[in-house]
Amino acid sequence: MKFAEKRMILGISGGIAAYKTAELVSGLVQRGLAIDVIMTQAAQALVGSKTFQALTGRGVYTSLWEEDSSPLAHIQVTAQTDLFAVIPATANIIAKYAAGIADDLLTTALLAYDGAVLIAPAMNLRMYKHPATQANLNVLRGRGVEIVGPSEGRLACGDEGEGRLAPLAQIEFHILRLLERQKELADRLVLVTAGGTREKIDAVRFIGNPASGRMGYALARAYALRGAKVVLVSANSSLPDPYGVEVVRVHSADDMASAVFERAQEAQVVIMAAAVGDYTPKETSSEKIKKGAGGLTLELSPTVDILAELGKRKRAGQVLVGFAAESDQLEENARKKLVAKNLDLVCANPINEEGVGFASEDNLLTLIDSSGVTTRLPLMSKDEVAEQVIERIIEIISRGENISPDNLLSHERKDAEDG
Ligand code: CTP
């Protein structure tokens, strides 16, 4: 059985949907997965722990203070675990986990665990829509927690709307995907840039752009979930650090160039998703420039084109990915950038379409690789786009004879020998 070596902790919190979790557990156990269940008190009021004991053939943890368990059960239970899932996850458990509150076995174990986490929210529609719940979910998403659902439909309270536990097949798919993928890219170093650089004019003004960093953060998170070592060079993004990612914060194009050049050499994949300013003021003032009677003329000089420089320095085995933000002739212009900057893949995005690209939740990308293969992706969330981009990079790596991991190692060895 494919998952016989895998172990999952399943937290069950007190939503009416808790009874559905039993069916999910039964299917997962049949695939060979070892599941240790932790139930909150509220969950036990809704379903009996014996059900899960019978289904998993293992003990069910219900309290921090069980007589026969050690005082450190919450730490021990999380050891050697491949995935921690909370199904259903109530608004309460989501809020506690986002805030780092640990006041029972489930929340304590969650906090003591530093691996992959999946949650499937289920609650009343108004509770789900409440800004507090939405903000908490965003915090968790930002930390790399995989959130599945909720879906729409009739809720236990009689209301209709979003808040139903996602279909079990969908939750199972995501669990298996996470278990399958989390070690896939172990030992690979991926460098991603995100956000928008700012060029200082004076003490309070800058030239900037509206990039939020979402696309680069989604890529960094998706790579980390697959086990890669990820360095994220982030310019002026207000997003929280994704879980398991080394974040280097920068401001200007020049700062970004230094941070990227420092780490790029060792990276197998470099993705420049940041919107880098092309010009910077020739002179900056450390004080605030006073308003004069006339106009103000700024003299600008070009910044370093980081990606073009990486293209020149590209070593054998390295995959270089750029973005091309275009207002017209999308594919033609993107292809020109691919060639000019010596890229392996360019992700072209139109910037004149509503709800797409800069600072938005979704993205509409066309992926063009150096062999000319062009994939026009439909409009999708940046998390979904990130998965597609990673799949393409994996394809490029497996296609290129010179860039198999073994060859990569021998290249590295050769580089070392060359001094
Ligand atoms: N880029 C970079 N350094 C710069 C400018 C851009 O590394 N100084 C990278 C971006 O991160 C992106 C790619 O180059 O991956 C293309 O950026 P884009 O702004 O679309 O194009 P430019 O090369 O700046 O050309 P233009 O502004 O003329 O479209």
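The values are calculated or read from the model by the stated rules, or taken from the named source; none is laboratory data. For clarity, every value in this text was computed on a predicted model and none was experimentally measured. A quick note on method: Cβ atoms are made from the backbone with ideal geometry, for glycine too, and the neighbour counts reach across all protein chains shown. Surface accessibility is based on the protein's heavy atoms, side chains included, excluding ligands, DNA and RNA. Shrake-Rupley method; radii C 1.70, N 1.55, O 1.52, S 1.80 Å.
Some values worked out for this structure:
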read-out: Those residues of region 127-174 which are of a type in the set (S, T, Y) and within 25 Å of Y113 (Cβ to Cβ), in sequence order; value: Y128, T133
read-out: Subset tally (residues that are at pLDDT 95 or above, under 22 Å from the mean Cα position of the chain (by Cα) and open to solvent by 30 Å² or more (accessible area, probe 1.4 Å)) for region 98-130; value: 2
read-out: Evaluation of N342 against (1) within 15 Å of the ligand (Cβ to nearest atom); (2) surrounded by 15 or more Cβ atoms within 10 Å (Cβ to Cβ); (3) on the phi < 0 side of the Ramachandran plot (one fails), failing number; value: (3)
read-out: Selection status of S234, open to solvent by 10 Å² or more (accessible area, probe 1.4 Å) and of a type in the set (S, T, Y); value: no
read-out: Those residues of region 149-161 which are in contact (Cβ under 8 Å) with a residue 24 or more places away in the chain and open to solvent by 50 Å² or more (accessible area, probe 1.4 Å), in sequence order; value: A156, C157, E160
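Residues are listed down the side, and each one gets a yes or a no for (1) within 9 Å of the ligand (Cβ to nearest atom); (2) outside the structural domain of L365 (by TED's automatic domain parsing); (3) crowded, with 23+ Cβ neighbours inside 10 Å:
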site: A308; (1), (2), (3): yes, no, no
site: G311; (1), (2), (3): no, no, no
site: K314; (1), (2), (3): no, no, no
site: L320; (1), (2), (3): no, no, yes
site: A325; (1), (2), (3): yes, no, no
site: K337; (1), (2), (3): yes, no, no
